[in-house]
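A short write-up of the structure that comes next.
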Amino acid sequence: MKKIIKNAAAAIITLTVAISAIVVVRTLNHTRPPFINIAEVNIQLDEAKLAANLAAAIRFKTVSYQAAPGKQNQEFSNFLDWVVATYPQVNQVLELVLVNQSMLYKWQGSDDALKPILITGHYDVVPVIPGSEKNWQQPPFSGNIVDGVIWGRGALDDKSGVVGILQAVTYLLEQGFKPQRTVYLSFGHDEEIGGRNGAGAVTALLKEQGVQLAWSLDEGSFVFDGIFPGLDSLMASINVAEKGSITLDIVATAPGGHSSMPPQKNAVGDLAKAITKLQDNPVPGGLSGLSTAMFDNVSRYMPFTMRSLFANQWLFGLVIDQQLSASATTNAMLRTTTAPTMLSGSIKTNVLPIEAIATVNFRIHPRDNMRSIEDYVTQLVASDTISVRTRGGINASTVSDWNAKGYGDIVQSMREIYGDIAVAPGLMIAGSDSKHYGQVANNAYRFNPFVLASHDLTGFHGTNEKITVRNFAQGVRGYIQIIRNGSET
Ligand SMILES: [Zn+2]
């Protein structure tokens with residue numbers, strides 16, 4: 001007996017040593033890619049002029065209202081006039097087509113055999129919530145530049161993109177640059193309300209002309225500074241897909257009646273149980289495909305302990321999954337998320353409901369689709385008294401190739417500007433115009449070449465949206481390199 005225990009102990013020790021050795025070796029091999037052959041580029045820009053142009057763009061109240069599309073149209077046409085007046089070189093060399101109030105520019109390349117690329121942004125912005133103006137340190141449409149910071153709605157989302165692209169093309173034209181590939185620029189006017197009349201119509205036009213793009217670059221993720229936990233280097237997160245969305249009504253039915261003689265079960269109680277069940281059973285997900293690639297890339301820049309986890313997913317997969325699922329941000333990258341948002345029941349305090357409804361919004365991971373989510377929910381909660389009704393939605397985009405040349409060109413450009421930073425493919429949790437443009441692009445990337453720190457996050461669709469002059473100028477350099485590298489073979 002003693003001998004058996006002794007042998008077992010010895011076996012356990014040997015196994016532990018062996019596993020530890022594998023963990024250490026795999027961790028030591030899980031390192032950042034070598035930073036070779038990437039020379040920093042020197043691009044001289046008049047930063048004060050760039051800043052003044054972004055500030056001027058911000059002053060146009062090109063606000064998209066969900067309830068009243070087309071409201072304040074004059075601001076939109078004023079903005080278009082301003083673009084034409086402010087960027088004469090662009091308008092001399094590039095061909096402009098107005099599609100509703102969106103701008104599509106074509107910069108003819110020297111080699112027609114090459115598929116074109118599209119660089120795009122949107123110039124509409126979300127409204128400022130009435131009453132929140134007083135929380136802004138500078139008025140939201142002032143475009144004030146104070147201590148090297150440009151303030152206002154659109155500073156990040158996405159006038160910095162639109163003006164940044166126009167500045168980049170202006171610079172390249174001044175340098176006498178001629179693209180080999182045709183370069184399209186598109187500036188949408190209704191992204192914040194779905195983009196149907198802007199990016200949607202532009203896409204339809206390109207389709208009609210038989211244009212198929214090698215790739216497109218739209219707004220999306222940023223160069224993160226301190227946003228990704230455990231990472232001390234900058235990280236360019238280049239989104240290669242965007243989530244879809246479906247909204248389902250969970251409907252509980254019951255006979256109703258007077259509340260003075262309630263039955264033991266009623267529609268509200270049934271509905272509550274169904275919602276609890278949904279919350280307790282998140283849509284299956286986890287590390288696979290794109291999410292694996294993303295965390296695999298990023299973890300290479302992390303300290304040893306974190307690296308050891310990701311380098312040994314065969315051993316720590318479950319732990320990683322649990323950790324990532326516990327945080328709202330990383331959980332959203334791993335699976336289709338479930339968010340009950342609206343409730344309705346009886347119309348009167350003393351009337352039992354004949355119908356109680358919970359509206360639940362799901363953001364669809366590319367591995368799922370609208371059908372599969374509806375099926376999953378139906379299987380989970382449907383019964384004699386509970387049914388599931390769809391309010392419609394949109395599937396997730398296809399996943400673009402992060403080994404393709406276009407992706408490589410963006411990576412290369414970012415490293416030429418920002419040095420040896422982490423780069424990883426990412427998943428866009430919000431929507432963008434690329435749901436349209438992606439239909440005519442072999443690959444659709446979603447990324448803004450500006451740096452974003454965690455304190456900037458509240459600016460998106462919120463208060464105190466701003467960007468530093470320095471950051472804006474670096475982003476313009478980013479666009480210059482992306483267009484330069486991306487339009488060549
Ligand atoms: Zn945007």
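The values are calculated or read from the model by the stated rules, or taken from the named source; none is laboratory data. For clarity, every value in this text was computed on a predicted model and none was experimentally measured. Ideal geometry is used to build each Cβ from the backbone, glycine not excepted, and the neighbour counts take in all protein chains shown.
Miscellaneous remarks
- The lone exception for residue 286 - which of (1) buried (at least 19 other Cβ atoms within 10 Å of the Cβ); (2) in contact with an Asp or Glu (Cβ under 8 Å, 6 or more places away or on another chain) it fails: (1)
- Any chance residue 112 is surrounded by fewer than 16 Cβ atoms within 10 Å (Cβ to Cβ) and not aliphatic (A, V, I, L, M): yes
- Flag for residue 202 being closer than 30 Å to residue 93 by Cα and either in contact (Cβ under 8 Å) with a residue 60 or more places away in the chain or not in a strand (DSSP E or B) (or both): yes
- Residues that are within 15 Å of the ligand (Cβ to nearest atom) and at positive phi, drawn from segment 192-211: 194, 195
- Matching option when the condition is modelled with pLDDT of 95 or more, away from the ligand (no atom under 16 Å from the Cβ), more than 30 Å from residue 157 (Cα to Cα) and not in a helix (DSSP H, G or I), among 249, 270: 249
- Residue 451 falls short of the stated requirement of being more than 13 Å from the ligand (Cβ to nearest atom), farther than 17 Å from residue 150 by Cβ, in the same structural domain as residue 208 (by TED's automatic domain parsing) and of a type in the set (Val, Ile, Thr).
- Single unsatisfied condition, residue 62 versus (1) at pLDDT below 95; (2) within 16 Å of the ligand (Cβ to nearest atom); (3) hydroxyl-bearing (Ser, Thr, Tyr): (1)
- Scanning segment 108-139 for residues that are within 16 Å of the ligand (Cβ to nearest atom) and assigned to a loop (DSSP other than H, G, I, E, B) yields 123, 124, 126, 127, 128.
- Annotation: of all residues in segment 430-448 being away from the ligand (no atom under 16 Å from the Cβ) and part of a strand (DSSP E or B), the one that is surrounded by the fewest Cβ atoms within 10 Å (Cβ to Cβ) is 442.
- Out of 457, 427, sole residue that is touching a residue at least 12 places away in the same chain (Cβ under 8 Å), assigned to a helix (DSSP H, G or I) and not polar (S, T, N, Q): 457
- Tally of residues being away from the ligand (no atom under 16 Å from the Cβ) and either under 19 Å from residue 54 (Cβ atoms) or out of contact with any Lys or Arg (no Cβ under 8 Å at 6 or more places or on another chain) (or both) across segment 153-182: 14
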